[in-house]
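Please read the structure below before turning to the comments.
The values are calculated or read from the model by the stated rules, or taken from the named source; none is laboratory data. These figures come from a predicted structure and were not determined experimentally. Note that each Cβ is placed from the backbone with ideal geometry, even for glycine, and that neighbours are counted across all protein chains shown.
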Amino acid sequence: MNESLTNKLARRISLRQLQVFESVARQLSFTRAAQELFLSQPTVSMQIKKLESDIGLPLTEQIGKKISLTYTGQALHEATRDILSTISRLEMLIDDQKGLHSGQLRIAVVSTANYFAPRLIGNFIQRYPGINVSLEVTNRKHILERMSNNQDDLYLIGHPPDSSELEFQPYLANPMVVIAPADHPLAKRKAIPLSVIAKEPFIIRESGSGTRIAMENRFNDAGQQLNVRMELGNNESIKQGVLGGLGLSVLSMHTLTSGDLHDLTTLDVQGFPISWQWYIGHPRGKQLSVLTKTFIDFMYKEGPSLVVFEADKA
């Protein structure tokens, strides 16, 4: 009886349905799942309804605007993660057998790394044209979620958490600087005390951001309290806010382009730049494919030459 049911489900349920369900179950959101999978929300809803029809039981339930998993949904989510993990290991084995002539590499990076990661990946693909690379750019919180769910092959993050389940190794320097409008009264002043800067209004990143952690640590260590005017979720919005006179900010030097430096400047503040850096990470114990190991080696060899600070050139 059980074997018959298993065979019946195997014929009805597709791998794509399981991928869609895993995303919905993990995020508890049809909208976010659709965004992650580059599908429309009606398509995601249709896939879940088809899956529920095939199984014969509801997988999700909605109370108000909140989605939760039913008991069957929780069981299927656990099984789906096992299935997708097994398939991922099979893909890795096949890629290793093929060598570096073909294969899929999944990379997720924090938003500050997006200013050089695409060039690094582009150079890698030029050297290994048969490789397909997907790049996910998101904030630190979502990177850690993706790591916990083992969604990608490799991660680039700042300020790694203290976790026995995750493994990190230091990569490139990621210095943090104070930015201001080019015509700011403090723009030409040297060795500005942190106590002076602390009185200025600041625009800061969202809670949990590596940039924000670095910034708050520096001010807290000096016994200074930040004058926070606004919180924004990405670096480009922060730069526009600084240009608009809403306040100063602390950003990675990597985020400053030659175009930014016509209207923005870095202030000479005591205790800055903050010595920060990126880390390469993956779940502890994860078996890295030949392709992933080759890309990590490539990152160390080619990465430093691709990172040129525009602020230093100006």
Q: May I ask you to list pairs of residues, at least six apart or on different chains, whose Cβ atoms are under 8 Å apart, with the first in region 297-314 being under 28 Å from Asp268 (Cβ atoms) and the second being among the polar types (S, T, N, Q) and modelled with pLDDT under 80?
A: Glu310/Thr257; Glu310/Ser258; Lys313/Ser258; Ala314/Ser258
Q: State which residue is nearest to the chain's Cα centre (by Cα) when the search covers only region 244-253 and only residues that are surrounded by 19 or more Cβ atoms within 10 Å (Cβ to Cβ), within 21 Å of Val196 (Cα to Cα) and not small (Gly, Ala, Ser).
A: Leu251
Q.
Looking at Ala180, Ala187, can you tell me which residue is buried (at least 19 other Cβ atoms within 10 Å of the Cβ) and more than 28 Å from Met299 (Cα to Cα)?
A. Ala180
Q: Counting only residues that are out of contact with any strand residue (DSSP E or B) (no Cβ under 9 Å at 6 or more places or on another chain) and closer than 24 Å to Tyr279 by Cβ, give me the helices (runs of 4 or more DSSP H) lying completely in region 32-134 with at least 3 of them.
A: 117-127
Q | Residue within region 254-264 that is buried (at least 16 other Cβ atoms within 10 Å of the Cβ) and within 25 Å of Pro161 (Cβ to Cβ) present | A | yes
Q. Going through region 272-297 one residue at a time, which ones are assigned to a loop (DSSP other than H, G, I, E, B) and modelled with pLDDT under 90?
A. Ser275, Trp276, Arg284, Gly285, Lys286, Gln287, Leu288, Ser289
Q. Can you pull out the helices (runs of 4 or more DSSP H) entirely within region 173-253 that have at least 2 residues that are polar (S, T, N, Q) and closer than 26 Å to Ile280 by Cβ?
A. 210-221
Q.
Of everything in region 139-159, what is in contact with a strand residue (DSSP E or B) (Cβ under 6 Å, 6 or more places away or on another chain) and either closer than 23 Å to Ile83 by Cβ or not β-branched (Val, Ile, Thr) (or both)? Give them in sequence order.
A. Arg140, Arg146, Met147, Asn150, Asp152, Asp153, Leu154, Tyr155, Leu156, Gly158
Q: Just one of (1) in contact with a strand residue (DSSP E or B) (Cβ under 6 Å, 6 or more places away or on another chain); (2) surrounded by 17 or more Cβ atoms within 10 Å (Cβ to Cβ); (3) within 22 Å of Arg140 (Cα to Cα); (4) assigned by TED's automatic domain parsing to the domain that holds Leu166 trips up Ile238, so point out which.
A: (4)
